[in-house]
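Take a look at the structure set out below.
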Amino acid sequence: MGKLDGKTALVTGGSRGIGRAVALRLASEGAFVAVHYGGDEDAAQRTVADIERAGGRAVAIQARFGEDDAVDRLFEALTAELDGRGLDILVNNAGIASASPIAVLTPAELDRLLKVNVAAPFFVTQRALPLLNDDGRIINMGSVASRMGVAVQIGYTVTKAALEALAPSLANELGRRGITVNTVAPGAIRTDMTAGYVSIPEAAAALEAITALGRLGEPEDVADVVGFLAGPDARYVTGQTVDVSGGTWLGPIAPAAT
């Protein structure tokens, strides 16, 4: 038996990258997973098919965050799929990136970042609360960039810092129901979102040089932490941000012990 047998989960942005790995992990533990996606239906259906091929249960649900009715459409479809069951696990993973320094970041670009990275998870959480069962789990996907100086990602870092601030307040509000709320903050992870720079050998080497473990992360590195936070073993962990960066920017890297 899996640790999440009988549980239900919603993973936003669950068709690719970290979200896909999270969906696969939760399903492998027995959860029924709603795989939300924005526009790539083929990727979402592949994720669902992979889950079902492994003996799990999943469904794909489309809603493009940033559009006015996206959250409403997501929950109309989700409620129908749950068929009277509550929701046990919410993973707010969907997000977009930006590579604009402050001098060129436009109001339109910042507005879109705020809508997708902050407003969407905020209102997804708001809509999920009436469905969320006692002892449920809310896990937000932050970034180590929110606590580090990354000039060309200033809009992205601002939005991830805002999302990170949600967990402590919400943890206080929901704690008496046994619901935990935490943030996972990945570092440089090999996904299609980061492919533009981690595929450059010099850029990858520079990131590895400031990471204590000496390598870039894989989506499964993050999914395993989400799987822990979603399960019963994390019942007394709430309001926290868990760094999953392999020890990025901890300080000077010591030479390997011999």
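The values are calculated or read from the model by the stated rules, or taken from the named source; none is laboratory data. It should be emphasised that the depicted structure is a prediction, and the values quoted were computed from it without experimental measurement. With ideal geometry, Cβ positions are generated from the backbone for all residues, glycine too; neighbour counts draw on all protein chains shown.
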Near pairs, Cβ below 9 angstrom, 6+ apart or cross-chain, from segment 173-196 (touching a residue at least 24 places away in the same chain (Cβ under 8 Å) and under 16 Å from Thr248 (Cα atoms)) to any residue that is in a helix (DSSP H, G or I) and among the basic types (Lys, Arg): Ala185/Arg147; Ala185/Lys160
Which numbered condition Asn140 fails, given (1) touching a helix residue (DSSP H, G or I) at 6+ places or on another chain (Cβ under 7 Å); (2) surrounded by fewer than 20 Cβ atoms within 10 Å (Cβ to Cβ): (2)
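Condition test on Val226, is it within 19 Å of the chain's Cα centre (by Cα), surrounded by 11 or more Cβ atoms within 10 Å (Cβ to Cβ) and within 16 Å of Ala21 (Cα to Cα)? Quick ask: steps written out before the conclusion?
Details: within 19 Å of the chain's Cα centre (by Cα): yes; surrounded by 11 or more Cβ atoms within 10 Å (Cβ to Cβ): yes; within 16 Å of Ala21 (Cα to Cα): yes.
The answer is yes for Val226.
Being at pLDDT 95 or above and assigned to a loop (DSSP other than H, G, I, E, B) is the filter; apply it to segment 219-245 and report the residue that is nearest to Gly14 (Cα to Cα). Can you show your working first?
Narrowing segment 219-245 to residues at pLDDT 95 or above: 219-244.
Checking which are assigned to a loop (DSSP other than H, G, I, E, B) leaves us with 231, 235-240.
Values: Gly231: 18, Arg235: 24, Tyr236: 26, Val237: 24, Thr238: 23, Gly239: 23, Gln240: 22 Å.
Top of the filtered list is Gly231.
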Within segment 2-24, tally of residues that are out of contact with any His (no Cβ under 6 Å at 6 or more places or on another chain) and of a type in the set (Ser, Thr, Tyr): 2
Among residues of segment 167-189, those that are part of a loop (DSSP other than H, G, I, E, B) and either surrounded by fewer than 21 Cβ atoms within 10 Å (Cβ to Cβ) or among the polar types (S, T, N, Q) (or both), counted: 1
Residues satisfying the stated conditions in segment 49-102, i.e. among the small types (Gly, Ala, Ser), modelled with pLDDT of 95 or more and farther than 17 Å from Gly38 by Cα: Ala49, Ala54, Gly55, Gly56, Ala80, Gly86
Residue, surrounded by the fewest Cβ atoms within 10 Å (Cβ to Cβ), within segment 30-46, restricted to residues that are assigned to a helix (DSSP H, G or I) and touching a strand residue (DSSP E or B) at 6+ places or on another chain (Cβ under 9 Å): Glu41
Qualifying residue in segment 47-60 (condition: surrounded by 18 or more Cβ atoms within 10 Å (Cβ to Cβ), more than 18 Å from Leu229 (Cβ to Cβ), among the aliphatic types (A, V, I, L, M) and touching a residue at least 40 places away in the same chain (Cβ under 8 Å)): yes
Qualifying positions in segment 147-166 - farther than 15 Å from Gly95 by Cβ, part of a helix (DSSP H, G or I) and not charged (D, E, K, R): Ala151, Val152, Ile154
